[in-house]
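Below is one structure, written out as structure tokens, with a few remarks after it.
The values are calculated or read from the model by the stated rules, or taken from the named source; none is laboratory data. What you see is a predicted model; the values in this text were computed from it and never measured. All Cβ positions, glycine included, derive from the backbone under ideal geometry; neighbour counts span all protein chains shown.
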Amino acid sequence: MHIVVLTKPVPDPAAAAERLGPDHRLDRAASPAVVNANDEYALEAALKLVEASGGEITLLTMAPAGGADTMRKALAMGATRGIQVTDPVLAGSDVRSTAAVLAAALGELTFDLVLAGADTSDGGGGVVPAGIAALLRLPYLSNAARIEPDAGSGRVKVRRITPTGYDVLEAPMPALIVCTQALGEPRYPSLKGIMAARSKEIAARALADLGSDPSGLGGAASTTTVLETRRPPARGATTVVRGTPGEGAAAIVNFLATRRII
């Protein structure tokens, strides 16, 4: 079984506040990057599937040239190889461009499953996987809490989380599945995995390699533009209530009563 996991380098949430450039876009060169957290859950799901049934895992990302360094951590977790699509034209890409480029890269591969995280911490749209599935006409299975592929029948079954419980979906492979954290906590890379990741292949692809027309992609073709940015208003004064639980409850009730909330 061949599984492709979509990954993305995003600003490290533990680092200092991100900086914006003069175009109001994130200055990625000034922000240390890590693998998007939800993508690690998708990778963990892929690793478990391969450990159970055999196969290999390819990581696919669209990122600036430095994104290969971030991908090494995902390779250290156990992925087989990586593919990075990078091109200066792609700076500032919107959802449409991102989905189109990743779909073009997937079009060059033969795979059984594509796994993706629910969203990315630097965007939060969560619609790129759906866009890729639409472009490639792949079955799209979202919010997966369990994944059960059957190589013999060429089908995959997914338990999809819903507001009232879950649905059981079944589709032919290849298929694209959006993973949730219910699939299991990502593993930490072992020392052996870290050492092995140094020699694993990360293939670079430019738009020309994919046969993609650059005129309709990237920031220049984005359908949205940031016109202005400003800091949120400063946080107002706060009141800290100390004492016993009873004293704290009384203070809160008094606070609400004086403002005619209760």
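Checked against (1) touching a Gly at 6+ places or on another chain (Cβ under 9 Å); (2) of a type outside the set (Val, Ile, Thr); (3) crowded, with 17+ Cβ neighbours inside 10 Å; (4) within 28 Å of residue 224 (Cα to Cα), residue 91 meets all criteria but (3). Any residue at all in the stretch 160-173 that is under 23 Å from residue 76 (Cα atoms) and of a type in the set (Lys, Arg)? Scanning the stretch 160-173, I find no residue that is under 23 Å from residue 76 (Cα atoms) and of a type in the set (Lys, Arg), so the answer is no.
Of all residues in the stretch 217-262, which are without any contact (Cβ under 8 Å) to a residue 60 or more places away in the chain and either closer than 30 Å to residue 63 by Cβ or among the basic types (Lys, Arg) (or both)?
Quick first cut of the stretch 217-262, residues without any contact (Cβ under 8 Å) to a residue 60 or more places away in the chain only: 225, 230-262.
Scanning the stretch 217-262 gives 225, 230, 231, 232, 235, 242, 259, 260.
Scanning the stretch 93-117 for residues that are part of a loop (DSSP other than H, G, I, E, B) and touching a Ser or Thr at 6+ places or on another chain (Cβ under 6 Å) turns up just one, 94. For the stretch 112-162, the set of residues classified as crowded, with 19+ Cβ neighbours inside 10 Å and of a type in the set (S, T, N, Q) consists of 120, 142, listed by residue number. Within the option set 98, 80, 86, being closer than 19 Å to residue 50 by Cα, among the polar types (S, T, N, Q) and modelled with pLDDT of 90 or more holds for one residue only, 80. For the stretch 154-200, a tally of residues being on the phi > 0 side of the Ramachandran plot, in contact (Cβ under 8 Å) with a residue 12 or more places away in the chain and over 18 Å from the mean Cα position of the chain (by Cα) returns 1. Among the residues making up the stretch 135-153, those that are outside any loop (DSSP other than H, G, I, E, B) and touching a residue at least 12 places away in the same chain (Cβ under 8 Å) are 135, 136, 140, 141, 142, 143, 144, 145, 146, 147, 149. Of all the strands (runs of 3 or more DSSP E) wholly in the stretch 1-75, which have at least 2 residues that are touching a residue at least 40 places away in the same chain (Cβ under 8 Å) and buried (at least 21 other Cβ atoms within 10 Å of the Cβ)? Qualifying strands (runs of 3 or more DSSP E): 2-6, 9-11, 56-62.
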